[in-house]
1. Out of the stretch 383-396, which residues are surrounded by fewer than 24 Cβ atoms within 10 Å (Cβ to Cβ) and within 15 Å of residue 64 (Cβ to Cβ)?
2. Would you confirm whether or not the stretch 37-45 contains a residue that is closer than 30 Å to residue 173 by Cα, touching a residue at least 12 places away in the same chain (Cβ under 8 Å) and crowded, with 17+ Cβ neighbours inside 10 Å?
3. So which residues in the stretch 182-191 are part of a loop (DSSP other than H, G, I, E, B) and under 22 Å from the mean Cα position of the chain (by Cα)?
4. Of all residues in the stretch 71-89, which are outside any loop (DSSP other than H, G, I, E, B) and crowded, with 24+ Cβ neighbours inside 10 Å?
5. Which one of these is more than 21 Å from residue 191 (Cα to Cα) and under 17 Å from the mean Cα position of the chain (by Cα): 83, 122, 115?
6. Can you confirm whether the stretch 192-210 contains a residue that is over 24 Å from residue 377 (Cβ atoms), surrounded by 17 or more Cβ atoms within 10 Å (Cβ to Cβ) and under 17 Å from the mean Cα position of the chain (by Cα)?
7. Just need a number here: residues in the stretch 326-357 that are within 18 Å of residue 159 (Cα to Cα) and touching a residue at least 24 places away in the same chain (Cβ under 8 Å).
8. Take residue 90 and tell me if it is touching a helix residue (DSSP H, G or I) at 6+ places or on another chain (Cβ under 7 Å) and closer than 22 Å to residue 278 by Cβ.
């Protein structure tokens, strides 16, 4: 069949358009590196790790981490510590999957649960910094298919209010979906109650008081997706994961096949992996981050350093804005719960998904810790406090190892 000059030109034009569309699409996330994390100070920090793990307080009782894991049927614990804005060690105990007896390592990724919220907020603040989003504009200017209404009238709410839990929205948290579910709801469907959670609605006048809301962060997710015209996980790879050099992190829900070999299984209170290994959370901004304690503290270190004037992905002004109390309660900034001790700001957040718990705390003097657990119970917060006590940024509640 003959191809005429006009046909040839049209074919070339179509090829050029296709190449442009591919080039402009979301950047593919690379596979997680297989080499272990390396910390030059790890050998000298070993004594701190051992002392922290030998005496933690859970439910007002003192015991070793090993004892706590047995008592609460927890199969795996992963932790890291930060000094001077740098991660100095990471260690893991137990199993990623108790049935397969797969060891948990510092590179194993676990669900961050609600710790996803402050990390999402960091990515959004980079978009604000680049003037891709307006922190104080009515989010209805971005959205089609959902609006905030209070007493049957439209009310303006902003990203600042949403990320400081002061927008007055409902839906505290989400249960996620079994990993066998294939037809997951879209972000707008979740907001309109077409999934397995209630519709997201205004229950309080925006800006009047603090009301913790995973639904609010799902509105944030919808805003990001509308602005960049990409899935939230692709946007967060571009605005958070890549610039902060998070090597073992993704917001993919469900997680991509290339990353599955790094995942821990969620475990129930009986210590057994849940059916399907873990739940899937399409409400990614609120609960969808897969990560490690090291990656969490890598971001925390960059924020702490920027707060003190060092260059980084997020400017000093933006970090200070995040660490300024915004909510009506005065204890929540943008994404983080805040406390100030002796002129040092401490930012914290905890998380709980089905079969996963997590806790992170970091300070503007460069100290911090993160703990992630593939089970339920108080071990994440207990070990975090023990690490903080060992490094002197929380008052000691006990001395010496538990008997």
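Each reported figure results from applying straightforward, stated rules to the coordinates on display, with no laboratory input. These numbers come from a predicted model, not from an experiment. Using ideal geometry, Cβ is built from the backbone for each residue, glycine included, and neighbour counts are taken over all protein chains shown.
1. First, the residues of the stretch 383-396 that are surrounded by fewer than 24 Cβ atoms within 10 Å (Cβ to Cβ): 385, 388-396.
Answer for the stretch 383-396, where residues must be surrounded by fewer than 24 Cβ atoms within 10 Å (Cβ to Cβ) and within 15 Å of residue 64 (Cβ to Cβ): 385, 389, 390.
2. Taking the stretch 37-45 as the starting set, the residues that turn out to be closer than 30 Å to residue 173 by Cα are none.
Checked the stretch 37-45: no residue is closer than 30 Å to residue 173 by Cα, touching a residue at least 12 places away in the same chain (Cβ under 8 Å) and crowded, with 17+ Cβ neighbours inside 10 Å.
3. Step one: list which residues in the stretch 182-191 are part of a loop (DSSP other than H, G, I, E, B), which gives 182-186.
Residues satisfying the conditions are 184, 185, 186.
4. Initially, the stretch 71-89 is screened for residues outside any loop (DSSP other than H, G, I, E, B), giving 71, 76-83, 86-89.
Across the stretch 71-89, the qualifying residues are 76, 77, 78, 79, 80, 81, 82, 87.
5. 122
6. No, every residue in the stretch 192-210 fails to be over 24 Å from residue 377 (Cβ atoms), surrounded by 17 or more Cβ atoms within 10 Å (Cβ to Cβ) and under 17 Å from the mean Cα position of the chain (by Cα).
7. So the answer is 10.
8. Values: touching a helix residue (DSSP H, G or I) at 6+ places or on another chain (Cβ under 7 Å): yes; closer than 22 Å to residue 278 by Cβ: yes.
Spelling it out, residue 90 is indeed touching a helix residue (DSSP H, G or I) at 6+ places or on another chain (Cβ under 7 Å) and closer than 22 Å to residue 278 by Cβ.
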